[in-house]
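Below is one structure, written out as structure tokens; the observations come after it.
The values are calculated or read from the model by the stated rules, or taken from the named source; none is laboratory data. Fair warning: this is a prediction, and the values are worked out from it, not measured in the lab. Ideal geometry is used to build each Cβ from the backbone, glycine not excepted, and the neighbour counts take in all protein chains shown. Heavy atoms of the whole protein, side chains included, go into the accessibility calculation; ligands, DNA and RNA do not. Shrake-Rupley method; radii C 1.70, N 1.55, O 1.52, S 1.80 Å.
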Amino acid sequence: MFLKAVFIHIVFLFSIFDIYFKSPIVKNVVVYQPTHDAPADRVVLFVVDGLRAESFVNYTTMPYLRGIANTNGRWGISNTRVPTESRPGHVAIIAGFYEDPSAIAKGWKKNPVDFDSVFNQTLFTWCWGTYDILEIFTKGSTSNIFINKFDPYDQSFSSNKNTTLLDDWVFTKVKLFFDNAKHDNILNRKLKSKKIVFFLHLLGTDTSGHTHKPKTKNFLTTIKFVDEQIKEIEELIKDFYNNDDRTTFLMTSDHGMTDWGSHGTGDEHETQTPYVLWGSGVEQIRLKHIKLDPETNLMSHNHRFDINQADLTPLMSTLLSIPVPANSIGKLPIKLLNMSLQDRAKAFYSNCRQIIAQYDTKRLDVEANAIKLIYQPFISFDGSKVKETIEVMEKMLNNEEYEQVILLSEEIMQLSLNGLNYYHNYYQRPLLTTVTLSFMGWIMYLLRVIIQQKIFVQAEYNNLHHRRVNKLINTVITLFSTIMAVLLFLIVYVQCLPIQYHIYFLMPIFLWKLTLTPFDFWLQTVDMLKNNEKKYMLGVEVLCYIFGSLALAVALTHRWVLSLPLLGMSLWPFFSLSIHLKKTLSIAWTFGCVLLSIFSFMPVVGKDVWIELV
């Protein structure tokens, strides 16, 4: 019984990953080569790790970047997704998709699966920062990616000394790099190429936020240092390229942070990060009167344009006119770019073709193994419509119907993303059904064990010595279970689904077969309930357990609901049929439950310090 229970619960645990955490990576997607003219020759990407939007827009400790955002640049909120960790955030920015969940088993450090990124598509990319971030993008062939990394856990970078040391290391290395390039002809030749990226990962803000908290003087000093150094790096790069106006600068963050220095969940401070875009190819806002954004401290509302974090990937790709990474789901924020209508249409079309290719590859993967009789295609955008749409868009481009191309591309991108989500979760509903049936079967089996124990104690009352087995019903149950098991095994096998799917689909049959046979047990249970004088009270208890369990589930998203089962539990000693406590103990229990129920209405842990409660 014990080993059986352990196995079943392990299956339940792993089923969560197959139902909800499928890898978003689609293999063998062919990237689309863009045809538009590149607005820039190079992109400089600054990722200020752990910088939340609130720290940028409501404080004046980053005056240079705020000034850029309000004048010749653009800014906005980059909305991230859970989990708000460094690796998922960087993957979203540079690869355009939201993290492969299987990476959680590696602590968000190593790549379980290779994926495409902006760096892969560039001619050359130079990176500076911590090893655990840079190595995410250098698995496999890295002949075009050069990294200069350090260990953030080195004692020389201790946060007790100065959190700016982490960022100072990066900025110093970049300055030395460009100084050496003046004397290194090979490096100089590479740097004068087009389609290159410089990536600076700045960890000091994240470390300062964890150690000193985001509103402290130390944290604000750290981001002020970053602001000053970004200004110096911009001037250095412009001087190196003789102010050729072919460099685009982008500052953003991988994730935010709560007031108490944590991140990883879906708090607004964690999911809202800032970005500032300036330089070559950036659309200028030319207005005499600048409207201030009411949500910020003196930031320009006219210059603001909010995006999703994954949208930064096609943005950087478009600036360099390189293919959008294969698994990107980002949509190009075309309004941020200063491009001709023709180039806008071509760039948007390139983004659209990349998402179509991803969707179509996933669709064909599912169709290749699906059983035709039960296969349900994504009707809104099936195979014939994909080919037809591409032909129509190509014709519109040839006819110079650029505005129509942009409108149609936007529509098709959304349709493709919907279809991609549909096929990613194609087996989700059957898995949910079969795992739910397994849960119910296991609950009923445990109920049977409990009832058997109770009946065994009351053997005389139930006359268990004279049980009669209904052979016909047992035979029908056994036959039906066997047929269903064989049928489901073949369905899973024919579709070449992972081996664990056999367990998911066969387990409910096994559990219900175990629960229902011999069937006369349940007939005797019903007879016992009919003769029970307290059967109505028993029914009330069952309903209380059911609604209490549902309340616990709802409480995951609505904290106040947690008080309902606690208040219900406070009455338990007075109504329970099986437990009889002393009066003083019953009153103490009731008082304790009512006191606990208050907690769900209180602020989340960390926002306020209230030692008395502890």
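Of the helices (runs of 4 or more DSSP H) lying entirely inside segment 1-86, those containing at least 3 residues that are open to solvent by less than 30 Å² (accessible area, probe 1.4 Å) and within 30 Å of Leu341 (Cα to Cα) are 63-70. Listed by first and then second residue, the pairs with beta-carbon distance under 6 Å, at least 6 apart or on different chains, first residue in segment 550-569 and farther than 17 Å from Leu595 by Cβ, second open to solvent by 40 Å² or more (accessible area, probe 1.4 Å), are Ala551/Leu564; Ala555/Leu562; Val561/Val554.
Applying the criterion of being crowded, with 17+ Cβ neighbours inside 10 Å and of a type in the set (Val, Ile, Thr) to the residues of segment 257-272, the residue that is farthest from Thr207 (Cα to Cα) is Thr271. Out of segment 487-501, which residues are surrounded by 12 or more Cβ atoms within 10 Å (Cβ to Cβ) and closer than 20 Å to Asp365 by Cβ? Within segment 487-501, Ile491, Val492, Tyr493, Gln495, Leu497, Gln500, Tyr501 meet the criteria.
Being in a helix (DSSP H, G or I) and surrounded by fewer than 21 Cβ atoms within 10 Å (Cβ to Cβ) is the filter here, so list the residues in segment 365-381 that pass it.
Start the filter on segment 365-381 by keeping residues that are in a helix (DSSP H, G or I), which leaves 365-369, 379-381.
Within segment 365-381, Asp365, Val366, Glu367, Ala368, Asn369, Ile379, Ser380 qualify.
Does any residue of segment 344-356 turn out to be out of contact with any His (no Cβ under 7 Å at 6 or more places or on another chain) and either at pLDDT below 95 or farther than 30 Å from Arg304 by Cβ (or both)? Looking for residues that are out of contact with any His (no Cβ under 7 Å at 6 or more places or on another chain) and either at pLDDT below 95 or farther than 30 Å from Arg304 by Cβ (or both), one finds at least one in segment 344-356, hence yes. Checked against (1) open to solvent by less than 50 Å² (accessible area, probe 1.4 Å); (2) part of a loop (DSSP other than H, G, I, E, B), Asn242 meets all criteria but (1). Just one of the listed residues (Lys387, Lys362, Lys395) is surrounded by fewer than 21 Cβ atoms within 10 Å (Cβ to Cβ), assigned to a helix (DSSP H, G or I) and modelled with pLDDT of 95 or more, namely Lys395. Taken as a whole, segment 247-256 holds no residue that is open to solvent by 40 Å² or more (accessible area, probe 1.4 Å) and at pLDDT 90 or above. When segment 102-135 is filtered for residues that are modelled with pLDDT under 90, under 19 Å from Gly264 (Cα atoms) and of a type in the set (A, V, I, L, M), the ones remaining, listed by number, are Ala103, Ile104, Ala105.
Return yes when Ser350 is touching a residue at least 12 places away in the same chain (Cβ under 8 Å) and small (Gly, Ala, Ser) and no when it is not.
Details: touching a residue at least 12 places away in the same chain (Cβ under 8 Å): yes; small (Gly, Ala, Ser): yes.
Yes, satisfied.
What is the residue count in segment 267-317 for residues that are among the aliphatic types (A, V, I, L, M) and under 24 Å from Gln354 (Cα atoms)? It would help to see each step written out before you state the result.
Going residue by residue through segment 267-317, those that are among the aliphatic types (A, V, I, L, M) are 276-277, 282, 285, 287, 290, 292, 298-299, 307, 310, 312, 315-316.
Checking which are under 24 Å from Gln354 (Cα atoms) leaves us with 277, 282, 307, 310, 312, 315-316.
So the count comes out to 7.
Looking at segment 496-579, the helices (runs of 4 or more DSSP H) lying wholly inside it that each contain 1 or more residues that are under 30 Å from Asn369 (Cα atoms) sit at 500-516.
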